[in-house]
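Below is one structure, written out as structure tokens; the observations come after it.
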Amino acid sequence: MSKEKAFEQEFENKIENEIKIEPRDWMPEKYRENLIRQISQHAHSEVVGMLPEANWITRAPSLRRKVALLAKVQDEAGHGLYLYSATETLGARREDTVDDLHEGRAKYSNIFNYPSVTWADIGVIGWLVDGAAIQNQVMLTRTSYGPYSRAMVRICKEESFHQRQGYEIVLHMAKGTPEQKEMAQDALNRWWWPSLMMFGPSDKDSKHSQQSLAWKIKRQGNDELRQEFIDKTVPQAKYAGLTIPDPDLKWNEEKGVHDFGEIDWSEFMNVIKGNGPMNRSRIKARKAAKENGAWVREAATAYHEKKMKRAQQKQSAA
Amino acid sequence: MSKPKSKNEWPLWEVFIRSKAGLSHKHVGSVHAADHEMAIENARDVYTRRSEGISIWVVESNQVHANNPAEKDSLFEPADDKIYRHPTFYEIPDEVGHI
Ligand SMILES: [Fe+2]
Ligand SMILES: [Fe+2]
């Protein structure tokens, strides 16, 4: 057996036996590329995902809501950083990864190309968008790559507050004045379908799904995750007295799951191609953050060099 | 793995955190920072937002040396056949009780 073949065999055995792959272990080049693509895309989603919520921090209706939203947005920054750190264990360079996003070579979750137009959106984002993210991330705690799995465990611990604060906002508005209830319903109407699309195309149409499942990068298919999310969310909407905007949604006694309507994938494809309401604005904001922060990074480097020089001079004088 | 560093990119630091007195520091991830002081502050913001630590170590990533995983069998093999290093290797009659 060639050396390469032996390594490949060992890799396959580990995957088979649920032994995590760690950074310096041998891995197929395609596995590495696939991971870098998925983890960096995930990291970009955390970072871009701060934008629609940051939009409401200064206008939060109370101090309680404001500290919660601030803490949540800070967490998302942290999530992005855990994940960028995981891509670096695979040999990706941080700056290249970030530039891939800025130059349009890398994607982020399509959901963040929609605007957050009212305060109710902040509630619904926490409830549905973080809810869908949790569904996906709980599955990813069992991913085959060690650093990704560990980042997911950390992230999942932090996410549950995100969804709870969102649902609390939704409940308050849904049980509030008629105008508030209408705002909550309107937000649900706008975010419901994009949230379902967060799980990605149906497995039969998803080009990455099969290989990712075989390598145990992903542990469940898109359709299964989406179904679980719907089944969990329907009673929550009902409790809030809100209506999910899908006339075909109904309980299927036989299968023990909810049937739901056709997803409009042409809209998804259109938004992912860059034609969503916020695509340009999101990338513009990220680029501006990098450019406007450049002087701070340079100043910190210069300060560090100055300190080093001073220490050296002191030493040679002594 | 080691591509040339761009001029502006801050070095990478590995972060280790002691979660409470009595426990060892444990690796949690990495951060970029211009120097070790900033690395500690960044590590605090990234890895201890919910009081997960009482002490932080940072080590520049390029200062960490590790064994070659491809040679781990020959590296660790010498310990595999030394069962006499384990207490169960020794026969003590039951009547003696716990020892
Ligand atoms: Fe997150
Ligand atoms: Fe979140």
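Conditions tested, residue by residue: (1) modelled with pLDDT of 95 or more; (2) open to solvent by 10 Å² or more (accessible area, probe 1.4 Å); (3) away from ligand 1 (no atom under 11 Å from the Cβ); (4) on the phi > 0 side of the Ramachandran plot.
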residue	(1), (2), (3), (4)
A:Val129	yes, no, no, no
A:Asn136	yes, yes, no, no
A:Thr141	yes, yes, yes, no
A:Arg154	yes, yes, no, no
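Can you say whether A:Leu188 is away from ligand 2 (no atom under 16 Å from the Cβ) and open to solvent by less than 10 Å² (accessible area, probe 1.4 Å), as far as the supplied structure shows?
yes
Looking at (1) free of Cβ contacts under 8 Å to residues at least 24 places away in the same chain; (2) surrounded by fewer than 19 Cβ atoms within 10 Å (Cβ to Cβ); (3) closer than 19 Å to A:Ala86 by Cβ, which is the one condition that is false for A:Lys3?
With respect to (1) free of Cβ contacts under 8 Å to residues at least 24 places away in the same chain; (2) surrounded by fewer than 19 Cβ atoms within 10 Å (Cβ to Cβ); (3) closer than 19 Å to A:Ala86 by Cβ, A:Lys3 is out only on (3).
Take segment A:1-51 and flag every residue that is charged (D, E, K, R) and more than 15 Å from A:Ile217 (Cβ to Cβ).
Answer for segment A:1-51, where residues must be charged (D, E, K, R) and more than 15 Å from A:Ile217 (Cβ to Cβ): A:Lys3, A:Glu4, A:Lys5, A:Glu8, A:Glu10, A:Arg24, A:Glu46.
So B:Ser19 ticks every box in (1) hydroxyl-bearing (Ser, Thr, Tyr); (2) touching a helix residue (DSSP H, G or I) at 6+ places or on another chain (Cβ under 9 Å); (3) surrounded by 15 or more Cβ atoms within 10 Å (Cβ to Cβ) but one. Which box is left unticked?
Failing condition for B:Ser19: (2).
Select, from B:Glu77, B:Glu52, B:Glu37, the only residue that is assigned to a helix (DSSP H, G or I), free of Cβ contacts under 8 Å to residues at least 60 places away in the same chain and within 14 Å of chain A (Cβ to nearest Cβ).
B:Glu37
Quick one: which of A:Lys72, A:Lys66 is of a type in the set (Lys, Arg), within 14 Å of chain B (Cβ to nearest Cβ) and not in a loop (DSSP other than H, G, I, E, B)?
A:Lys72
Within the group A:Arg286, A:Arg297, which residue is within 19 Å of the chain's Cα centre (by Cα) and open to solvent by 40 Å² or more (accessible area, probe 1.4 Å)?
From the options A:Arg286, A:Arg297, the qualifying one is A:Arg286.
Please work out which residue is surrounded by the most Cβ atoms within 10 Å (Cβ to Cβ), limiting yourself to segment A:207-238 and to residues that are free of Cβ contacts under 8 Å to residues at least 12 places away in the same chain and closer than 27 Å to A:Leu171 by Cβ.
A:Lys238
So which residues in segment A:42-76 are near ligand 1 (Cβ under 10 Å from one of its atoms) and either open to solvent by 30 Å² or more (accessible area, probe 1.4 Å) or polar (S, T, N, Q) (or both)?
A:Ser45, A:Met50, listed by residue number.
Could you go through segment A:77-85 and let me know if any residue there is open to solvent by 50 Å² or more (accessible area, probe 1.4 Å) and farther than 23 Å from A:Ile155 by Cβ.
no
Suppose we filter segment B:55-74 for residues that are in a loop (DSSP other than H, G, I, E, B) and under 15 Å from the mean Cα position of the chain (by Cα); how many remain?
Number satisfying all stated conditions: 4.
Give, as residue ranges, the helices (runs of 4 or more DSSP H) completely inside segment A:206-318 that count at least 1 residues that are over 20 Å from A:Ala187 (Cα atoms) and within 14 Å of another protein chain (Cβ to nearest Cβ).
Here the list reads A:279-292, A:294-317.
Return the residue satisfying two criteria in turn: it lies in segment A:18-36 and is over 23 Å from the mean Cα position of the chain (by Cα) and within 11 Å of chain B (Cβ to nearest Cβ), and of such residues it is farthest from A:Gln211 (Cα to Cα).
Checked segment A:18-36; the qualifying residue farthest from A:Gln211 (Cα to Cα) is A:Arg24.
The values are calculated or read from the model by the stated rules, or taken from the named source; none is laboratory data. Because the structure is predicted, anything quoted here is derived from the model rather than measured. So basically every Cβ, Gly included, is an ideal-geometry build from the backbone, and we count neighbours across all protein chains shown. Heads up: the accessible areas ignore ligands, DNA and RNA and are worked out on the full protein's heavy atoms, side chains in. Shrake-Rupley method; radii C 1.70, N 1.55, O 1.52, S 1.80 Å.
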